[in-house]
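*Asks:* Handing you this structure, nothing more for now.
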Amino acid sequence: MADNAKSASQSNVHKWVGTRQVRPDGVDKVTGRASFGADLHAPNMLFGKVLRSPHPHARIVFIDTSKAEALEGVKAVVTKDDICDLPSEMVPAGEMMVNYRDITRNVMAREKVLYEGHALAAVAATSESIARKALSLIEVEYELLPHVIDVMDAMKADAPLLHEDMITAGVEPAPEKPSNVAKRVEFSQGDLEAGFAEADVIVEREFYTHPVHQGYIEPHACLANVAKDGKAELWCTTQGHFVVRGHCAKLLGMDISKLRVTASEIGGGFGGKTVVYLEPVALALSRKSGQPVKMVMTREEVFRATGPTSGAHLKIKMGVTKDGRITAADGLFHYQAGAFPGSPVQLGCMCAFAPYDLEHVRTVGYDVVVNRPKVAAYRAPGAPIAEYGAECVVDELAKKIGMDPLDLRLKNAAKEGTQTVYGPKLGPVGLVECLEAAKAHPHYKAPLGENQGRGVASGFWFNIGGESCATLNLSEDGSAHLVIGTPDIGGSRASLCQMAAEELGIHLDQVHPIIGDTASLGYTFLTGGSRATFATGMAVIEAARDVIDKMRERVAKTWDIPVDAVVWEHGYARPASSNAGAFEPLSMAEIAAMANKTGGPLVGHAAINAQGAGPSFGVHIVDVDVDTDTGHVKILRYTAIQDAGKAIHPCFVEGQMQGGAVQGIGWALNEEYIYGNDGRLQNPGFLDYRIPVCSDVPMIDTVIVEVPNPTHRYGVRGVGETPIIPPMAAIANAIEQATGIRFNELPMSPPKVLAAIEASKAPVADAAE
Amino acid sequence: MRYESPESVEGAVALLANGAAAARVLGGGTDLLVQLRAGLVEPDLVVDIKNIRETRQITLEQGGFRVGAAVSGAELGEHAALKQAWPGVVEAVELIGSTQIQGRASMGGNLCNASPAADSVPALIAADAVCTIAGPGGRREVAVEKICTGPGRTSLAKGEFLVSFFLPERAAHCADAYLRFIPRTEMDIAVVGAGVNLSLDASGQCTAARIALGAVAPTAILVPEAGAALIGTALDDASLDAMASAASAACHPIDDKRGTVAYRVKVAGVMARRAAVIARDRARSR
Amino acid sequence: MSKTKSHVATNVNGNAVEFLCEPQQTLLDVLRDELDLTGSKEGCSSGDCGACSVILDGRLVCACLVLAVETNGHRIETIEGMAEGDSLHPLQQKFLEHSALQCGICTPGFLIAAKALLDIDPDPTETQVRYWLAGNLCRCTGYDKIVRAVLDAAAEMRAN
């Protein structure tokens, strides 16, 4: 391994950073005390329910809600008339951009319903059963329209049109006629033709993937309470309550600061809870009825009406010389966005070939609308799909030139100074270290049996920074109250406390975190983009340093010496040297106790827009066993290796790697949306939408590589997203080694695997090529 | 919706016979409550039979076993003698759903819900189980394969409900087995289910064989041709292959979100063969 | 729709509890909405996710698949009753030590399910643990640390 990369277990010079502490919210979560989105009640509360389209594509001719309104127990009915129509305006939501014009229509349909499950009205009633009865009394006349759900079909000239004014952006000259293609993007560098001309071997493949859902176990839920003067409170499960506040205020036409949003504990998000669905509706119902309104989605609604990630069609072409230099890479990506534009195709284009130091690269992407729910971010949005295709082709290149797949990756690995196709040059990164760790790992050399195979794949995600605020309030006893604004999905509040305790030099038990509501803290962007530990971490460190500076000032005043003569060490203020005076060191508790005598309360604050997020590379190794009589693929062994920069809390870093790997296993083997020709979803539940269960997977071994990110005090890189990227290609590559068959469609479910195995046994086929 | 919990068979029959048109029997509830929640059924009356002692007992009878219709999978799995005598039936029931489902789900409910893919049914058919039905006209005995008449439909008349099953005594060199194919390792509805019940003589020759398949037709089916392929053989590879072909040939499944026609046909033969090997090895050891 | 409520008397976590409920209300509905025991979670309402796991008369079940009226005269254990006074159950402690939870929504269900396992089998293998817990879905952890925590808790409980 390179000198500057150390494994997480070695050379930890810190007291709290890098250690495995029990998380501050842990006891609440193991005793059932923690409050999630659906766990709150309010006095006089109503229950809200949404009317959803049974059709994949239709014009709404009229909606008559009068019978529903007349039902006893119904206190409010809302339709699009109660939600603002908004003009086109792009805003960030996580790592993707969303358009207000589309958000309002997705929350409540206006002219058309664009997918089965699309919301078009909602009721609030004194009981759930009355609310459901009221929905059945709402009369809707639809003018049915032909629908399209496949991305390639949607691009055809005669495809049914979802948005009559959609002219493809990013094409010069702009098309004259509207289509379902919202946008074309392109990234390129070098000379592709020259690059392919240098290659001895060229592989070109097409791939297909189906939409998969984030699969969080907690359905969307919220409780809205709008008072008579229009001041509103919202409790909801979300990855970003400040973003929710902004969206809801816009959709309801209210001042942002009139709405106070509190983030509940969140039962999983993975990107899917960075957008609003029920929240504006619940607020509208509460405003109209004058009572609090609770809304909780059923699991079926989650599947029918909340964003999965895109399905896609890809074409990947790469060239390599006999001695293993990749000379060119070309990717064409068609991603389905669901009913409104905004698939993560651009992010896919940016990441597809990022693990490679390439002179000649081009990626072209199309964002295509189809009659399905609008896609939402899902863990490294866009990248898993694109890198799946690229990593399969890299594997094929390696096989064709007889080179070990890790060696081929090492020879072409992206490193510090590599020019990315999307603009910046990479800073220090840990791909080489991860690849070397993979090569050295006992997993890579373990023997395999018949019908078994091993595959590897790399993954890259750039991670983000963004706005974060933090406040550190010192109590009179010297304990510290840490107020932060990024909801805790995976244990980040523990890592943030560890950083605070490290900076302050006090015991971890003295730092108490709270996720502040939107009124209690400055704007903080959502938890996503693997940014909580990085960006909120930076804010926490800055807030800690701010309060340290203030404590030094108080002590300097008390000792009557200049403030630069006071230093802070291991939780104490001391004179900088004996020249400054013979003063006994003062602890934080002592300084806090005399705060009101020395000038008032001691508070540290930070408001930043964190820059310099470090990308995280990962490499996964997987062994599979293929039952050639049934097509069943079993995961025998799995090792995930990733560069975390610095693992503040190694258990939580491991947890991200393991969780992302298992989501990727599901994506690779069994997860898919199954639609009928009628455009309706046939598997809106956990029975037939098959996420991995406990017995489906082995232990997921992890190796944390640490190549520090120089922009963060502790070297942190975000880690949450990269782990979902390598599994699909790694498993496809393993299945190829086990069966000789290269699959180009996800999921690689038993019927597909068996059919391919049977076809390959036919006398004519030479399936290995 | 009304809920009643009679404590006698007669009480249950009276409620079901005289009660509202849309009455449902409640056993473990693991099918009924899902359907209720989804709005697929709207019964006026739910009759909980779990307080009728007969439906909750496993008793020895004539060397065989009388198993109450509402005995849970977990309880079945804890009955050592039943497991020993009928491992195929017990393992079939134990495959239904998760541990949580097992805590409630019953063989009677699994049968009467009449899903074509129900796990217990192929094993019960292979075992030649007999059902005791109680109704306004008294009790009657019905071979288990006569209960399901189509997806979600049974031959029970209004006022009737399933009280118990009878599984006959096992002789030496007899054993059953059940296997199913699912895409994951747990939790899925069977794509194909195969129940095999074999009798061997002292020299290891097969004297009787019942092969039943699930999820390959509107109801689980007994496949006499598959059984015939094994009778009189030593259950060697050739006869097992012939049996597997006969099993595949008998399938007339549909394409649905759980499997295609071609896939089910192929895997039916694979599963029947594997189950037969397990049953054979069990039978040889008894 | 008939609105007659039934009176139900049960034992919840060792306490005698009475409530009124409608016939179609599930045990999960009543625990969460009438008894304020929101530790059991609703993830799917169809018995596929295990987030609502409780122990009924010593049996692990999904509370969403039991009608509340069925619990009259029966004994229910929920996550709220798992700790012993002010000390956590070894499973709860091990989940914390092993970081076997990330978002925590599935955690009550897993703890109850694991407790039900260790109550009948104090020395399960990894495979047995995985198959027993197959009815509890987790999307965050990939199950690795959960299984380790259960095995570690079992070892500790055997030693004591």
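*Asks:* Give the residue that is farthest from the other protein chains (Cβ to nearest Cβ), with candidates limited to residues of the range C:63-79 that are over 23 Å from A:ALA34 (Cβ atoms) and among the aliphatic types (A, V, I, L, M).
*Replies:* Within the range C:63-79, the subset over 23 Å from A:ALA34 (Cβ atoms) is C:65-75.
With the extra rule that they be among the aliphatic types (A, V, I, L, M), the set shrinks to C:65-69.
Values: C:LEU65: 5, C:VAL66: 6, C:LEU67: 7, C:ALA68: 10, C:VAL69: 5 Å.
Taking the candidates together, the pick is C:ALA68.
*Asks:* Every residue in the range C:112-159 that is without any contact (Cβ under 8 Å) to a residue 40 or more places away in the chain, polar (S, T, N, Q) and more than 14 Å from chain B (Cβ to nearest Cβ), please.
*Replies:* Passing the criteria: only C:THR125.
*Asks:* Just one of (1) within 25 Å of A:PRO146 (Cα to Cα); (2) of a type outside the set (Asp, Glu); (3) out of contact with any helix residue (DSSP H, G or I) (no Cβ under 8 Å at 6 or more places or on another chain); (4) surrounded by 15 or more Cβ atoms within 10 Å (Cβ to Cβ) trips up A:VAL98, so point out which.
*Replies:* Exception for A:VAL98: condition (1).
*Asks:* How about the range B:131-176: which of its residues are under 29 Å from B:GLY204 (Cβ atoms) and touching a Pro at 6+ places or on another chain (Cβ under 8 Å)?
*Replies:* Within the range B:131-176, the subset under 29 Å from B:GLY204 (Cβ atoms) is B:143-145, B:166-176.
Answer for the range B:131-176, where residues must be under 29 Å from B:GLY204 (Cβ atoms) and touching a Pro at 6+ places or on another chain (Cβ under 8 Å): B:ALA175, B:ASP176.
*Asks:* Working only within the range A:162-179, note down all residues that are within 14 Å of A:ARG101 (Cβ to Cβ) and exposed (fewer than 13 other Cβ atoms within 10 Å of the Cβ).
*Replies:* The answer is A:GLU164, A:ASP165.
*Asks:* If you check C:LEU37, C:LEU60, which single one turns out to be among the aliphatic types (A, V, I, L, M), at the interface with another protein chain (Cβ under 8 Å from one of its Cβ atoms) and in a strand (DSSP E or B)? Break it down stepwise before answering.
*Replies:* Working: C:LEU37 fails: in a strand (DSSP E or B).
Every option except C:LEU60 fails the conditions.
*Asks:* Name the single residue, out of those in the range A:111-131 being over 33 Å from the mean Cα position of the chain (by Cα), surrounded by fewer than 18 Cβ atoms within 10 Å (Cβ to Cβ) and not β-branched (Val, Ile, Thr), that is modelled with the highest pLDDT.
*Replies:* Step by step, filter the range A:111-131, then rank; the result is A:SER127.
*Asks:* Let me ask something additional. If you check A:GLY324, A:GLY331, A:GLY307, which single one turns out to be of a type outside the set (D, E, K, R), closer than 19 Å to A:PRO381 by Cα and in contact (Cβ under 8 Å) with a residue 60 or more places away in the chain? Before the answer, list the steps.
*Replies:* Working: A:GLY324 fails: closer than 19 Å to A:PRO381 by Cα; A:GLY331 fails: in contact (Cβ under 8 Å) with a residue 60 or more places away in the chain.
The match here is A:GLY307.
For (1) touching a helix residue (DSSP H, G or I) at 6+ places or on another chain (Cβ under 9 Å); (2) within 19 Å of A:GLY215 (Cα to Cα); (3) not polar (S, T, N, Q), each residue gets a yes or a no:
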{"site": "A:GLY319", "(1), (2), (3)": "yes, no, yes"}
{"site": "A:ILE326", "(1), (2), (3)": "yes, no, yes"}
{"site": "A:TYR335", "(1), (2), (3)": "yes, no, yes"}
{"site": "A:GLU359", "(1), (2), (3)": "yes, no, yes"}
{"site": "A:VAL368", "(1), (2), (3)": "yes, no, yes"}
{"site": "A:ALA376", "(1), (2), (3)": "no, yes, yes"}
{"site": "A:ARG379", "(1), (2), (3)": "yes, yes, yes"}
{"site": "A:ALA383", "(1), (2), (3)": "yes, yes, yes"}
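*Asks:* I need the full set of residues from the range A:202-227 which are among the acidic types (Asp, Glu) and closer than 27 Å to C:SER46 by Cβ, in order please.
*Replies:* A:GLU218
*Asks:* Checking B:ARG170 against (1) surrounded by fewer than 20 Cβ atoms within 10 Å (Cβ to Cβ); (2) more than 14 Å from chain C (Cβ to nearest Cβ); (3) in a loop (DSSP other than H, G, I, E, B), which single condition isn't satisfied?
*Replies:* (1)
*Asks:* Could you go through the range C:98-111 and let me know if any residue there is within 7 Å of another protein chain (Cβ to nearest Cβ) and in contact with a strand residue (DSSP E or B) (Cβ under 7 Å, 6 or more places away or on another chain).
*Replies:* Yes, that holds for at least one residue.
*Asks:* Which of the strands (runs of 3 or more DSSP E) contained wholly in the range A:6-109 include at least 3 residues that are in contact (Cβ under 8 Å) with a residue 40 or more places away in the chain and more than 28 Å from A:ALA647 (Cα to Cα)?
*Replies:* Numbers: elements: A:46-52, A:58-64, A:74-78, A:90-93, A:96-99.
Fully inside the range A:6-109 and qualifying: A:46-52, A:58-64, A:74-78, A:96-99.
*Asks:* Give the residue that is nearest to the other protein chains (Cβ to nearest Cβ), with candidates limited to residues of the range A:296-316 that are part of a strand (DSSP E or B) and crowded, with 24+ Cβ neighbours inside 10 Å. Spell out the reasoning first.
*Replies:* Of the residues in the range A:296-316, the ones part of a strand (DSSP E or B) are A:296, A:312-316.
Right, trim to crowded, with 24+ Cβ neighbours inside 10 Å and you get A:312, A:314, A:316.
Values: A:ALA312: 21, A:LEU314: 24, A:ILE316: 27 Å.
Checked the range A:296-316; the qualifying residue nearest to the other protein chains (Cβ to nearest Cβ) is A:ALA312.
*Asks:* Considering each residue of the range B:259-277, count those that are surrounded by 20 or more Cβ atoms within 10 Å (Cβ to Cβ) and hydrophobic (A, V, I, L, M, F, W, C), and give that number.
*Replies:* Within the range B:259-277, residues that are surrounded by 20 or more Cβ atoms within 10 Å (Cβ to Cβ) and hydrophobic (A, V, I, L, M, F, W, C) number 7.
*Asks:* For the range B:15-71, list the strands (runs of 3 or more DSSP E) that sit wholly inside it and hold at least 2 residues that are not assigned by TED's automatic domain parsing to the domain that holds B:PRO136; which are they?
*Replies:* B:23-26, B:45-48
*Asks:* Hey, another quick one. So C:ILE55 fits all but one of (1) within 11 Å of chain A (Cβ to nearest Cβ); (2) of a type outside the set (Asp, Glu); (3) part of a strand (DSSP E or B); what number is the exception?
*Replies:* It is condition (1) that C:ILE55 fails.
*Asks:* Please go through the range A:619-651 and give me each residue that is more than 13 Å from chain C (Cβ to nearest Cβ), crowded, with 24+ Cβ neighbours inside 10 Å and more than 19 Å from C:ASP144 (Cα to Cα), ordered by number.
*Replies:* Answer for the range A:619-651, where residues must be more than 13 Å from chain C (Cβ to nearest Cβ), crowded, with 24+ Cβ neighbours inside 10 Å and more than 19 Å from C:ASP144 (Cα to Cα): A:VAL626, A:GLY631, A:VAL633, A:ASP643, A:ALA644, A:GLY645, A:LYS646.
*Asks:* Now for a different question. For B:GLU61, work out the one condition from (1) surrounded by fewer than 24 Cβ atoms within 10 Å (Cβ to Cβ); (2) more than 14 Å from the chain's Cα centre (by Cα); (3) within 14 Å of another protein chain (Cβ to nearest Cβ) it doesn't fulfil.
*Replies:* Failed condition: (3).
*Asks:* Going through the range A:226-278 one residue at a time, which ones are assigned to a loop (DSSP other than H, G, I, E, B), more than 14 Å from chain C (Cβ to nearest Cβ) and more than 18 Å from A:PHE525 (Cβ to Cβ)?
*Replies:* Initial filter on the range A:226-278 (assigned to a loop (DSSP other than H, G, I, E, B)): A:227-231, A:237-240, A:253-255, A:264, A:266-278.
Still in the list and also more than 14 Å from chain C (Cβ to nearest Cβ): A:227-231, A:240, A:253-255, A:274-278.
Those that are assigned to a loop (DSSP other than H, G, I, E, B), more than 14 Å from chain C (Cβ to nearest Cβ) and more than 18 Å from A:PHE525 (Cβ to Cβ): A:ALA227, A:LYS228, A:ASP229, A:GLY230, A:LYS231, A:GLY253, A:MET254, A:ASP255, A:TYR277, A:LEU278.
*Asks:* Considering each of B:GLU42, B:GLU91 in turn, give the residue that is more than 27 Å from B:PHE181 (Cα to Cα) and of a type in the set (Asp, Glu).
*Replies:* Numbers: B:GLU91 fails: more than 27 Å from B:PHE181 (Cα to Cα).
Testing whether each residue is more than 27 Å from B:PHE181 (Cα to Cα) and of a type in the set (Asp, Glu) leaves just B:GLU42.
*Asks:* Among the residues of the range A:698-712, which ones are in a loop (DSSP other than H, G, I, E, B) and either under 17 Å from A:GLY612 (Cβ atoms) or touching a Cys at 6+ places or on another chain (Cβ under 9 Å) (or both)?
*Replies:* First, the residues of the range A:698-712 that are in a loop (DSSP other than H, G, I, E, B): A:698-699, A:707-712.
A:VAL707, A:PRO708, A:ASN709, A:PRO710, A:THR711, A:HIS712 - these are the residues of the range A:698-712 that are in a loop (DSSP other than H, G, I, E, B) and either under 17 Å from A:GLY612 (Cβ atoms) or touching a Cys at 6+ places or on another chain (Cβ under 9 Å) (or both).
*Asks:* Could you check the range A:587-693 for helices (runs of 4 or more DSSP H) lying wholly inside it with 2 or more residues that are outside the structural domain of A:VAL547 (by TED's automatic domain parsing) and more than 30 Å from B:VAL265 (Cα to Cα)?
*Replies:* Values: elements: A:588-593, A:595-598, A:650-669.
Answer list for the range A:587-693: A:650-669.
*Asks:* Looking at (1) within 30 Å of A:PRO146 (Cβ to Cβ); (2) in contact with a strand residue (DSSP E or B) (Cβ under 9 Å, 6 or more places away or on another chain); (3) within 14 Å of another protein chain (Cβ to nearest Cβ), which one does A:GLU654 not meet, given that it meets all the others?
*Replies:* Status for A:GLU654: all satisfied but (1).
*Asks:* Within the range B:183-208, take every residue that is within 14 Å of chain C (Cβ to nearest Cβ) and not hydrophobic (A, V, I, L, M, F, W, C) and give me the one that is surrounded by the most Cβ atoms within 10 Å (Cβ to Cβ).
*Replies:* Our first condition is that a residue be within 14 Å of chain C (Cβ to nearest Cβ); within the range B:183-208, this holds for B:183-189.
Next, only the ones that are not hydrophobic (A, V, I, L, M, F, W, C) stay: B:183-186, B:188.
Working: B:PRO183: 23, B:ARG184: 18, B:THR185: 17, B:GLU186: 19, B:ASP188: 20.
Result: B:PRO183.
The values are calculated or read from the model by the stated rules, or taken from the named source; none is laboratory data. In this text the structure is predicted, and so the values were computed from the model without any measurement. Cβ coordinates were reconstructed from backbone atoms using ideal geometry, including for glycine residues, and neighbour counts include every protein chain displayed.
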